[in-house]
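The values are calculated or read from the model by the stated rules, or taken from the named source; none is laboratory data. Computed from a prediction, not measured in an experiment: that's the story for all the values here. Reconstructed Cβ throughout: ideal geometry from the backbone, glycine too, with neighbour counts over all protein chains shown. Just the protein is used for accessible areas: all its heavy atoms, side chains included, with ligands, DNA and RNA removed. Shrake-Rupley method; radii C 1.70, N 1.55, O 1.52, S 1.80 Å.
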Amino acid sequence: MLAIRKPALASIVAVFIAIVQAKTVEEWKELSIYQVLTDRFATTNLTAPECWIRDYCGGTWKGLEKKLDYIQNMGFDAIWISPIIHNIEVNTPWGYAFHGYWGDDPYRLNDHFGTPEDLKSLSDSLHRRGMSLMVDVVINHFASNTGSTDVDYSLFPSPFNTASAFHQPCAIDFSNQSSIEDCWLVTDPAPVLPDLKNDDDVILDPLIESVVDLVVKYDIDGIRLDTARHIPKASLSKFQEKVGVFVTGEALNESVPYVAQYQGPLDSAINYPLWYALIDSFMGRTTFDFLVSVVKSEQATFSDAHALTNFLDNQDQPRFASYLGDGHGDDVLRDENAATFLFFVSGIPVIYYGFEQRFNGGYDPVNRETMWSSDYNTSAPLYNYIARLNSIRKYAASITGKNAFYSEDTVFLGSSARHLVMQRGLLVAVLTNAGTHLEDTGYTISGSQFKAGDSLTDLVSCDVVHVGSNGVFISPGNAGKARIWINTKYARKFCF
């Protein structure tokens with residue numbers, strides 16, 4: 001157990017070294033992230049047990065370490081793992097805390113996932129591969145398998161072992177920011193999530209110190225901060241300063257101005273406004289014009305849209321493949337188009353484990369499937385398509401120059417009900433939500449960087465077109481598949 005203590009000189013030096021070695025925000029912009037629920041990814045012995053969806057299924061840090069080839073061969077530079085601290089052990093009306101968000105002791109690890117040595121081994125293995133480790137962290141609340149008036153606070157470690165360390169139980173009024181920050185996420189039935197007084201330095205400081213200890217001990221490179229909008233912004237700023245690594249915070253809201261408040265206190269935010277818009281656009285519920293308007297709003301409103309973490313699905317939202325859209329949602333081509341958008345719009349792409357295998361679970365908990373049910377199939381079409389996207393993104397940045405590619409805003413050249421054309425660096429991507437069920441008629445493009453007479457190659461199909469005398473070219477329909485155009489002189493790496 002990690003004890004609360006006044007920092008010794010050696011501890012201060014260790015923290016300073018960890019901060020100096022941590023990746024900067026600019027370096028994180030170059031990465032792509034693969035998100036994992038530790039319990040569901042791989043067992044220590046790589047077995048494939050059957051389990052109840054609300055129980056621990058046996059995934060461990062050691063099992064994840066053994067499957068890093070699977071992740072790295074898709075081109076990912078970082079993994080984001082679920083919370084690592086100790087959670088309540090009981091079977092609640094909602095099952096067990098396999099997901100990690102029901103913590104009860106920030107000074108102990110969750111031994112369902114392995115030992116401290118196993119976690120350090122995973123971190124070391126990632127760093128030897130040139131990859132980074134992001135860990136999910138919760139400082140907003142603890143958990144108790146009781147009603148809101150029956151919490152036994154003495155079960156929590158000091159200084160969190162009295163009721164005075166928590167706000168009083170109250171139901172959240174989501175139209176009131178003070179209520180969001182001071183009330184409990186769940187008041188009844190069990191389990192309840194007692195809301196920590198993270199607006200009080202007596203409570204906030206040891207919470208932050210517990211996270212700093214983890215960052216230093218396990219060489220953690222980045223943090224995804226759960227329930228960030230439930231924490232006062234002054235406390236978030238202090239957290240960001242003290243932990244000394246890249247932090248992206250969860251502020252679940254579709255409003256661009258609302259979520260933008262959290263970049264500043266934190267390095268980054270989970271890009272929920274973009275997620276809401278891209279689901280509607282790629283499922284044909286609205287035109288691509290709406291998605292373009294959201295991206296432009298983000299570029300104008302956030303202090304740095306390139307540092308946002310963008311996603312298609314996650315542990316809290318339905319799998320992308322679960323949506324029906326206009327009645328034809330079960331379509332891998334839409335998955336490919338949406339993934340292409342994710343990799344070439346401003347921001348850091350995040351893929352939730354199993355997307356590449358077309359897992360299609362809806363809302364929690366069925367969107368938390370066991371990865372071994374896929375047999376880690378590296379022949380799956382999306383597995384190889386994502387590997388190609390990762391490779392194209394890195395290649396384009398190497399030609400344009402990393403500083404330019406990861407800092408220049410995405411430019412939109414056209415949008416309609418069925419098509420979206422976006423320019424990033426040397427690339428022009430033509431996306432569609434037509435899928436296999438609707439006609440993909442192609443799109444006429446003007447205003448791009450390409451000049452009259454240029455030969456262009458699509459890095460998806462390797463088809464070739466030529467730019468007309470007035471700088472206009474036609475991107476032919478591709479049977480619902482995305483196209484990624486580049487000047488042919490740069491295409492040889494992908495198209496012979």
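Key figures for this structure:
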item	result
Within region 5-53, helices (runs of 4 or more DSSP H) holding 3 or more residues that are modelled with pLDDT under 95 and closer than 22 Å to ILE84 by Cβ	9-21
Residues (part of a helix (DSSP H, G or I) and surrounded by 15 or more Cβ atoms within 10 Å (Cβ to Cβ)) located in region 164-189	ALA165, GLN177, ILE180, GLU181, ASP182
Index of the failed condition, ILE139 passing every other in (1) in contact with a helix residue (DSSP H, G or I) (Cβ under 9 Å, 6 or more places away or on another chain); (2) assigned to a loop (DSSP other than H, G, I, E, B); (3) surrounded by fewer than 18 Cβ atoms within 10 Å (Cβ to Cβ)	(3)
Among residues of region 384-417, those that are of a type outside the set (Asp, Glu) and open to solvent by 30 Å² or more (accessible area, probe 1.4 Å), counted	17
Condition broken by ASP316, with the remaining ones in (1) at pLDDT 95 or above; (2) open to solvent by 40 Å² or more (accessible area, probe 1.4 Å); (3) over 19 Å from TRP80 (Cα atoms); (4) not polar (S, T, N, Q) satisfied	(3)
Selection from region 444-496 of residues that are in a strand (DSSP E or B) and of a type in the set (Lys, Arg)	ARG483
Candidate set from region 231-248 (those that are open to solvent by less than 10 Å² (accessible area, probe 1.4 Å), part of a helix (DSSP H, G or I) and out of contact with any Leu (no Cβ under 6 Å at 6 or more places or on another chain)); member that is nearest to LYS29 (Cα to Cα)	VAL243
From the options ASP331, ASP316, residue that is under 21 Å from GLU250 (Cβ atoms) and of a type in the set (D, E, K, R)	ASP316
The one condition in (1) part of a helix (DSSP H, G or I); (2) among the small types (Gly, Ala, Ser); (3) free of Cβ contacts under 8 Å to residues at least 40 places away in the same chain that SER379 fails to fulfil	(1)
Count - residues of region 62-90 that are free of Cβ contacts under 8 Å to residues at least 24 places away in the same chain and open to solvent by 10 Å² or more (accessible area, probe 1.4 Å)	2
Some residue of region 350-359 being open to solvent by 10 Å² or more (accessible area, probe 1.4 Å) and not basic (Lys, Arg)	yes
1 or more residues closer than 17 Å to ILE33 by Cβ, under 19 Å from the mean Cα position of the chain (by Cα) and in contact (Cβ under 8 Å) with a residue 40 or more places away in the chain: qualifying helices (runs of 4 or more DSSP H) within region 271-360	272-282, 332-344
Contacts under 7 angstrom Cβ, first residue in region 19-47 being within 15 Å of TRP61 (Cα to Cα), partner surrounded by fewer than 24 Cβ atoms within 10 Å (Cβ to Cβ) and basic (Lys, Arg), 6 or more apart	LEU37/ARG368; ARG40/ARG368; PHE41/LYS67; ALA42/LYS66; ALA42/LYS67; THR44/LYS62; LEU46/LYS66
Qualifying residue in region 196-207 (condition: among the aliphatic types (A, V, I, L, M) and surrounded by fewer than 18 Cβ atoms within 10 Å (Cβ to Cβ))	yes
Residue within region 138-154 that is among the charged types (D, E, K, R) and within 29 Å of THR309 (Cα to Cα) present	no
Test: residue in region 426-439 that is touching a residue at least 40 places away in the same chain (Cβ under 8 Å) and closer than 18 Å to LEU31 by Cβ	no
Residue that is least open to solvent (accessible area, probe 1.4 Å), among those in region 440-465 that are at negative phi and free of Cβ contacts under 8 Å to residues at least 24 places away in the same chain	VAL465
Residue within region 332-343 that is open to solvent by less than 20 Å² (accessible area, probe 1.4 Å) and under 30 Å from VAL243 (Cβ atoms) present	yes
